[in-house]
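The values are calculated or read from the model by the stated rules, or taken from the named source; none is laboratory data. Keep in mind the model is a prediction, meaning the values are calculated, not measured. All Cβ positions, glycine included, derive from the backbone under ideal geometry; neighbour counts span all protein chains shown. Only protein heavy atoms, including side chains, enter the accessible area calculation; ligands, DNA and RNA are left aside. Shrake-Rupley method; radii C 1.70, N 1.55, O 1.52, S 1.80 Å.
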Amino acid sequence: GRIGDPEQDDDGIHDTTPIFKTDEARRDAALAKYRDVETKFKGTGAAWLARLGEGSLLLDKRDPDGAIKAFEEVQESSLAKADAEVRGRVLENLGFAYELRAEMKPDEKKQDLEKALAEYKQLEATDVFGFVQLAPYHQARVEEMQGDKTQAIQTLKKLREDRMKNADERLFAELRELTDDRLRALDPTAVPPKRAGIGAGGEISPEMLEKLPPELRDRILKNLGREPQ
């Protein structure tokens, strides 16, 4: 859906895409659709995917407890047990949810960051292409938030040196750049200085993109200025 004024003249251009006045209205409409699928097709793969989408929207609405409940329910589903990519998406999103809760509930920050870190370590252990490369970066972010700068540096170095060495390295050009930038901030001697005008690049074929989990693929497309698939 688009954000705009539903009453505004579209200059004769016919666009059937739904239009909403605010991001919040669009999120609420999406939530209603997901919940409708969950009700009508309870127990099916479609219903579990809808619950997963609902959890992501609850994160956007800054409702970490609601999101955690949704993700944990999907985690116990038959779909997650059968589909490694779904398990990976659940683990990553649970990590995000615990991070958000740590931000919103300072009294429980220590425990929630520990839970987020545990989810990201499980994510790395899934060995799902795309998630396994992202997981150490998430771990390093949490380690830095925990005040363990030394461990964060070690995690980023391992990611840079080991995890991103594969035939499809161009898929992770942006992740490598983020990793290097974070390392420079934590330890300026860890990587060479950044050269002006040098950033993530290289052509990415549709075949390469198809290998990635949808959420990682969409992030890459957005950063390339292309519409997510």
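Can you give the extra length, in nm with one decimal, that the chain gains between GLN151 and ASP60 once fully stretched, where that is 0.36 nm per residue apart less the Cα-Cα distance?
Between GLN151 and ASP60, full extension yields an extra 29.8 nm.
Amide H of PHE20: which non-local residues (sequence gap of 5 or more, or other chain) have their own amide H closer than 5 Å, using H built in the peptide plane?
Result for PHE20 returns ARG2, ILE3, GLY4.
Using a probe radius of 1.4 Å on heavy atoms only, what accessible surface per residue do you get for segment 68-167? Whole Å² is fine.
48
Explain nothing, just compute: Karplus ³J(HN,Hα) = 6.51 cos²θ - 1.76 cosθ + 1.60, θ = phi - 60°, for every residue of segment 59-67 in order, whole Hz, x for Gly and Pro.
My calculation for segment 59-67 gives 4, 4, 7, 6, 10, x, 5, x, 5 Hz in order.
Rounded to the nearest 0.05, what FRET efficiency is calculated for PHE41 and LYS121 with R0 set to 30 Å and r the Cβ-Cβ distance?
Using R0 = 30 Å, I get an efficiency of 0.35.
Report the extension gain between THR22 and ASP5 in nm, rounded to one decimal, defined as 0.36 nm multiplied by the number of residues separating them, less their alpha carbon distance. Don't skip to the end; give the middle numbers.
Working: separation 17, 0.36 × 17 = 6.12 nm, distance 0.91 nm.
Net length gain for the segment: 5.2 nm.
Report the Cα centroid-to-centroid distance between segment 78-95 and segment 100-140 in angstrom, as an integer.
14
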